[in-house]
Amino acid sequence: MLILEDIAKTYRNGFTALSGIDLRLDAGERVAIVGSSGCGKSTLLRLVAGLSSPSSGRVLLKGSPLVRPNPSVGFVYQEPRLMPWLRVQDNVGFSLRGRGSDRSQSIRSALLRVGLEAYADYYPKQLSGGMAQRVAIARALAPAPNLILLDEPFSALDAIKRTELQNHFLKLWESERLSTLLVTHDVEEAIVLADRILVMHPYPGRISEEVRVDLPLEERRSAEGFSDLKRHLLRTLRHEKPESTH
Amino acid sequence: MNRALTTLRLQAAQLLSRSRGLLLPFLILLVWQLIQAHQLLPTNLLPTPSQVLQTIASLASSGELLDHVAITSWRVVQGFLLGGLTATALGCIAGVSPTARHLLDPLLQSLRNIPSLAWVPLFILWLGIYEPSKVALIAVGAFFPIYLSLSEALLNVDRKLVEVGRMAGFRRPELVLRILIPAALPEYITGLRGSLGLAWMFVVAAEVMGASKGLGFLLIDGQTTGRASLILASILMFAVLGKLSDTLLWLLSHRLLLWQDSHSLQGA
């Protein structure tokens with residue numbers, strides 16, 4: 001589905017944000033990238049989105065190089081980023097081409113999937129933060145993307161709403177098996193939502209470890225092995241040798 | 001029954017709160033009338049409000065008032081449209097294309113610093129003393145608020161929203177139409193209202209410099225014939241027309257901005 005080959009990104013001021021990134025994401029797979037802020041994980045996601053281009057290396061989507069944003073890639077940002085002048089339904093249909101019944105069908109189905117079909121006529125100002133983020137997810141789902149990119153999508157919500165939305169997203173994934181690339185600094189979120197976790201370290205941004213999550217899909221937080229995995233990841237993030245114990 | 005009463009009470013309260021703006025002007029008129037009833041100041045210099053109203057009434061009954069109001073309003077409309085349309089076009093271009101902005105903006109910003117009345121002799125020389133020079137002067141006045149607010153608003157549109165458009169695969173024209181322009185609309189409308197106000201200011205300047213009709217002509221007429229009531233009548237008419245046209249513009253535009261999350265629209 002998605003292949004990154006030896007990606008590097010150096011800005012004009014000489015700052016190297018990413019170096020030697022290789023990544024492979026298969027269809028239906030969920031990969032999380034965790035790292036502290038400034039490690040380049042958001043930069044990496046923008047490269048995959050086609051919003052910026054790498055200084056060297058290649059991004060391949062379904063075998064063809066990705067050089068500009070592609071309609072088959074959906075993006076959910078940290079903030080909802082809804083157009084305040086559009087009603088919920090038009091925000092959801094924002095990137096849909098074409099008009100008429102196909103369009104309204106796609107919008108209705110996307111709203112149904114996030115449980116907001118009753119709010120189609122609302123303006124963004126009338127929504128709570130959690131609802132607005134669900135509209136943003138519906139907007140990313142509406143064009144039926146092959147790959148969905150999530151940039152800390154639930155970090156602006158309170159703990160209860162965050163868990164609720166994570167569970168909601170899991171259900172969605174279970175029924176649709178969307179290929180997902182999630183960027184987060186929240187280790188728990190990565191374990192709950194991903195099959196595979198890549199740990200990134202900064203200066204320059206690189207992938208330093210890969211961890212497979214062998215936990216059941218449901219109720220991962222209470223699964224055996226969750227806290228071990230969490231501890232391991234946190235230690236890795238702090239640059240400690242994973243083997244060392246105190 | 002009870003509900004009808006509540007509705008009635010609500011309507012009365014609404015009416016009251018809407019008419020609050022009339023309270024102060026009314027008080028001022030009352031005090032003014034009372035002072036001049038005792039002729040504290042010579043009435044040929046400061047006529048009573050009732051004298052001013054009488055002047056307006058007699059102008060109205062002879063049909064003269066309508067003529068003056070019509071010609072002045074028509075000048076404002078023409079100047080506002082000419083200046084406004086040019087400003088909208090140039091503001092759009094300068095707000096959307098960096099190249100155009102680098103070319104246009106320095107020139108326009110320096111033109112803006114010329115006192116607009118300095119154009120008067122040139123416009124009269126070029127366009128004559130009749131309508132074109134007046135319309136041109138009003139257009140110059142109406143141009144800048146719209147140009148500035150639109151180009152600035154377009155430049156300041158949230159990068160994050162634009163990115164959503166880029167992710168959707170939008171090219172430049174689509175980004176402009178579907179994100180930049182709607183996002184800039186509130187500030188653009190504020191610019192329009194500012195421009196309309198300036199158009200009314202400049203029509204006075206244009207008519208004072210030479211006209212045989214219009215409210216500005218009444219000002220000069222009142223001055224040369226020593227009738228303060230005529231001057232005040234004309235000033236009052238400017239106040240009424242300016243407020244009316246602004247309200248009209250607001251009525252036309254506020255439906256476009258209902259989406260705004262402003263505290264003054266709570267519950268609207």
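All of the numbers you see were taken from the coordinates with simple rules; none came from a lab. What you see is a predicted model, and the numbers here were worked out from it, not measured in a lab. Methodologically, a virtual Cβ is constructed for each residue, glycine included, from the backbone with ideal geometry; neighbour enumeration extends over all protein chains shown.
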So, with +1 on the Cβ of K and R and -1 on the Cβ of D and E, and no other charges, what is the size of the charge dipole of segment A:122-230 about its Cα centre, to the nearest 20 debye? 480
Taking the dipole of segment B:51-254 about the Cα centre (Lys, Arg +1; Asp, Glu -1; charges at Cβ), the one of B:His102, B:Ser73, B:Pro115 that reaches farthest to the positive side is B:His102
With a 10 Å radius around each residue's Cβ, average the other Cβ atoms per peptide and rank A:89-95, A:63-69, highest first. A:89-95, A:63-69
Sorted by Cβ neighbour density within 10 Å, fewest at the top, the residues B:Met167, A:Met200, B:Met201: B:Met201, A:Met200, B:Met167
Spacing of the two label points (7 Å from each Cα toward its C-beta) at A:Ser56 and B:Leu127, in nm: 6.3
Exposure proxy check: B:Trp32, B:Trp250 ranked by fewest other beta carbons within 10 Å? B:Trp250, B:Trp32
Between B:Arg255 and B:Ala60, what is 0.36 nm times their sequence separation minus the Cα-Cα distance? Round to one decimal in nm. 66.7 nm
Can you compute the equivalent ellipsoid semi-axes for segment A:84-230, i.e. the square root of 5 times each eigenvalue of the Cα gyration tensor, sorted largest first and rounded to whole Å? 30, 16, 15
Heads up, segment B:149-217 by the C-alpha gyration tensor (a ≥ b ≥ c square roots of eigenvalues; a/c under 1.5 rounded, else a/b over b/c prolate, else oblate) looks prolate
Within 10 Å of each residue's Cβ, count the other Cβ atoms and sort A:Ser227, A:Ser55 from fewest upward. A:Ser227, A:Ser55
The helix A:100-113 Cα axis meets the longest alpha-carbon principal axis of chain A at an angle in degrees, between 0 and 90 and rounded to 10, of 50
Quick one: helix A:129-141 against the long Cα principal axis of chain A, what's the angle to the nearest 10°, folded into 0 to 90? 90
Need one word for segment B:51-254: rounded, prolate or oblate. Basis is the Cα gyration tensor (sqrt eigenvalues a ≥ b ≥ c); a/c below 1.5 gives rounded, then a/b vs b/c decides. prolate
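Quickly estimate the mean residue ellipticity at 222 nm for chain B, helices only: each DSSP H run with n ≥ 4 gives -39500 (n - 2.57), and the total goes over all residues, rounded to 500.
Counting only the DSSP helices, I get -25500 deg cm²/dmol.
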Treat every Asp and Glu Cβ in chain B as -1 and every Lys and Arg Cβ as +1, leave all other atoms uncharged, and give the resulting dipole magnitude about the Cα centre to the nearest 20 debye. 680
Taking B:Lys213 as the anchor, which aspartates and glutamates have their alpha carbon closer than 19 Å to its alpha carbon, excluding any fewer than eight residues away along the same chain? B:Glu64, B:Asp67, B:Glu131, B:Asp221
Filter the DSSP H helices in chain B by two things, a Kyte-Doolittle mean of at least -0.5 and an axial alpha-carbon span of 30 angstrom or more, and list the hits by number. B:64-96, B:131-155, B:181-208, B:228-253
What is the packing order of peptides B:188-198, B:102-112, taking the mean over residues of other C-beta atoms within 10 Å and listing the highest first? B:188-198, B:102-112
For B:Leu8 and B:Asn113, FRET efficiency with R0 = 56 Å and r from the beta-carbon atoms, rounded to 0.05? 0.50
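What value does chain A have for Rg/Rh, both radii from Cα atoms and Rh as Kirkwood defines it?
0.97
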Projected onto the charge dipole of segment B:51-254 (unit charges on the beta-carbon of Lys, Arg, Asp and Glu, signs +1, +1, -1, -1), the Cα from B:Gly63, B:Phe170, B:Val204 with the largest positive-side position is that of B:Phe170
Hey, got the average number of other protein chain Cβ atoms within 10 angstrom for residues in B:159-165? 5
Pair B:Asp246, A:His239: separation of 7 Å Cα→Cβ label points (nm): 6.1
For the protein assembly as shown, convex hull volume per residue from C-alpha positions, Å³: 257
If I model a spin label as a point 7 Å beyond the Cα along the Cα-Cβ vector, how far apart are those points for A:Arg103 and A:Tyr11 in nm? 3.8
Just counting partner chain Cβ atoms within 10 Å, what average do the residues of peptide A:72-85 show around their Cβ? 4
Charge dipole (debye, nearest 20) of the protein assembly as shown; +1 at Cβ of Lys and Arg, -1 at Cβ of Asp and Glu: 460
What ranking do A:172-182, A:127-137 get when scored by the average of other Cβ atoms within 10 Å per residue, highest first? A:127-137, A:172-182
Partner shielding of B:166-176, taken as the mean number of other chain Cβ atoms within 10 Å, equals 4
